[in-house]
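Everything on this sheet refers to the single structure shown next.
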Amino acid sequence: MKRTLLGLFCLLSLGHFSCLAQSGRPMRADEIAFYNNIHEVFYSALPHAYKSWKVVEDGKEFDAKKFFCPLNDGCYGTISVSIGKGDPYSLSYFIDFTMPGDESGLLMATAFSSIKDYTNADQIATALKSTAKSKISIRVFNNIDGGQFPVTYCSKTPPETIKLPVTAGLALKGVRAASCPIMSSGRPDMAGNYYDNAVVFLGKAVAKKTPDERSDGISGAVYAIGFDKSKLDKVITQNIVVTITGDAADIEAIIKLIDWQKLYNAIGK
């Protein structure tokens, strides 16, 4: 079905967009400049190489006029009428790094050969934890109205505060240790996710913290970031959220490669 200019709205979801039937309007010059600038900030602040790993990223090329019109079918230069009224001026950016296949394959083979008893939760947890170091994912968001950002960890290894060169409203790293086997229906979960995680809030403090109710043996909390809805119509960045998922050592290495000052300087612009 052919879509018209007034029948296209693209919903932002973790750096990807899908088109929905809603009304649109032409983008203003300040909106175009804002989106182009924040994308450039995100791109230039994040690393684009890590070890010898393969990189999958959102890409350097960006055109704000295509932001809500990825298929370029007549809606070029339009924006949803809800932006600046009911929805914030938000953008996301992502980068994933993955270990080369020969290395990750050896990692998996070594780990599973160490399991002698597939009913032993400690053996399985140790093996799976040793494999949770073959990839790392970085997500960056701006102008988040609350949101839900979990920090999960083994109860025996409470979350650690991340040291940054800028002031942060939240900067925590959660470690999923083998000493907290991930369970499913009372049994060791062979597909358990032992990747560690980190969340950083810039520009605003934590607005809400709630327990992450889980049944798999992992502890955690879910954080929401502050957002001033009275300034929803302002074409500025109120907050920035960075999430990183990977092995704790790789997370620490990536943190050192991010230009935190550049991200922090984007607040209010």
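The values are calculated or read from the model by the stated rules, or taken from the named source; none is laboratory data. Predicted model only: the values in this text are computed from it and were never measured. Because the Cβ atoms are built from the backbone with ideal geometry, glycine has one as well, and the counts that use them run over all protein chains shown. Side chains included, ligands, DNA and RNA excluded: accessible areas come from the protein's heavy atoms. Shrake-Rupley method; radii C 1.70, N 1.55, O 1.52, S 1.80 Å.
Counting only residues that are open to solvent by 30 Å² or more (accessible area, probe 1.4 Å) and outside any loop (DSSP other than H, G, I, E, B), the stretch 91-103 holds 5 of them. Any chance the stretch 178-201 includes a residue that's in a strand (DSSP E or B), charged (D, E, K, R) and open to solvent by less than 30 Å² (accessible area, probe 1.4 Å)? Yes, the stretch 178-201 contains at least one residue that is in a strand (DSSP E or B), charged (D, E, K, R) and open to solvent by less than 30 Å² (accessible area, probe 1.4 Å). Residues in the stretch 153-176 that are farther than 30 Å from K262 by Cα and surrounded by fewer than 18 Cβ atoms within 10 Å (Cβ to Cβ): S155, K156, T157. Select from the stretch 196-234 the residues that are of a type in the set (K, R) and within 30 Å of A121 (Cβ to Cβ) and list them in ascending order. Correct list: K209, R214. Scanning the stretch 227-244 for residues that are within 17 Å of the chain's Cα centre (by Cα) and surrounded by fewer than 22 Cβ atoms within 10 Å (Cβ to Cβ) returns a single hit, T243.
Take S155 and decide whether it is more than 16 Å from the chain's Cα centre (by Cα), of a type in the set (S, T, Y) and assigned to a loop (DSSP other than H, G, I, E, B).
Considered against the rule, which asks whether it is more than 16 Å from the chain's Cα centre (by Cα), of a type in the set (S, T, Y) and assigned to a loop (DSSP other than H, G, I, E, B), S155 comes out as yes.
For the subset of the stretch 48-90 comprising residues that are of a type in the set (A, V, I, L, M) and buried (at least 18 other Cβ atoms within 10 Å of the Cβ), which member is farthest from I244 (Cα to Cα)? It would help to see each step written out before you state the result.
At the first step, the residues of the stretch 48-90 found to be of a type in the set (A, V, I, L, M) are 49, 55-56, 64, 71, 79, 81, 83.
Then drop every residue that is not buried (at least 18 other Cβ atoms within 10 Å of the Cβ), which leaves 64, 79, 83.
On the way: A64: 26, I79: 30, I83: 27 Å.
Selected residue: I79.
Is it fair to say S219 is of a type in the set (S, T, Y), open to solvent by 40 Å² or more (accessible area, probe 1.4 Å) and more than 26 Å from K51 (Cα to Cα)? No; evaluated as a whole, the condition is false for this residue. If you take the residues in the stretch 28-47 that are open to solvent by less than 20 Å² (accessible area, probe 1.4 Å) and touching a Phe, Trp or Tyr at 6+ places or on another chain (Cβ under 8 Å), which one is nearest to G246 (Cα to Cα)? Filtering the stretch 28-47 for residues that are open to solvent by less than 20 Å² (accessible area, probe 1.4 Å) and touching a Phe, Trp or Tyr at 6+ places or on another chain (Cβ under 8 Å), the one nearest to G246 (Cα to Cα) comes out as L46.
Once the stretch 118-135 is narrowed to residues that are open to solvent by 60 Å² or more (accessible area, probe 1.4 Å) and either in a loop (DSSP other than H, G, I, E, B) or aromatic (F, W, Y) (or both), the residue that is nearest to A249 (Cα to Cα) is K133.
Pairs are defined by a Cβ separation below 6 Å, a sequence spacing of at least 6 or placement on different chains, a first member in the stretch 182-197 that is free of Cβ contacts under 8 Å to residues at least 40 places away in the same chain and hydroxyl-bearing (S, T, Y), and a second member that is surrounded by fewer than 18 Cβ atoms within 10 Å (Cβ to Cβ) and in a loop (DSSP other than H, G, I, E, B); no pair meets this definition.
Evaluate the following for I115: is it assigned to a loop (DSSP other than H, G, I, E, B), open to solvent by less than 50 Å² (accessible area, probe 1.4 Å) and under 30 Å from Y50 (Cβ atoms)? Step through it out loud before you land on a result.
Numbers: assigned to a loop (DSSP other than H, G, I, E, B): yes; open to solvent by less than 50 Å² (accessible area, probe 1.4 Å): yes; under 30 Å from Y50 (Cβ atoms): yes.
In short, yes.
Looking at the stretch 206-231, which of its residues are of a type outside the set (G, A, S), assigned to a loop (DSSP other than H, G, I, E, B) and modelled with pLDDT of 95 or more?
Filtering the stretch 206-231 for residues of a type outside the set (G, A, S) gives 206, 208-214, 216, 218, 222-223, 225, 227-229, 231.
Then keep just the ones that are assigned to a loop (DSSP other than H, G, I, E, B); that gives 212-214, 216, 218, 227-228.
Passing the criteria: F227, D228.
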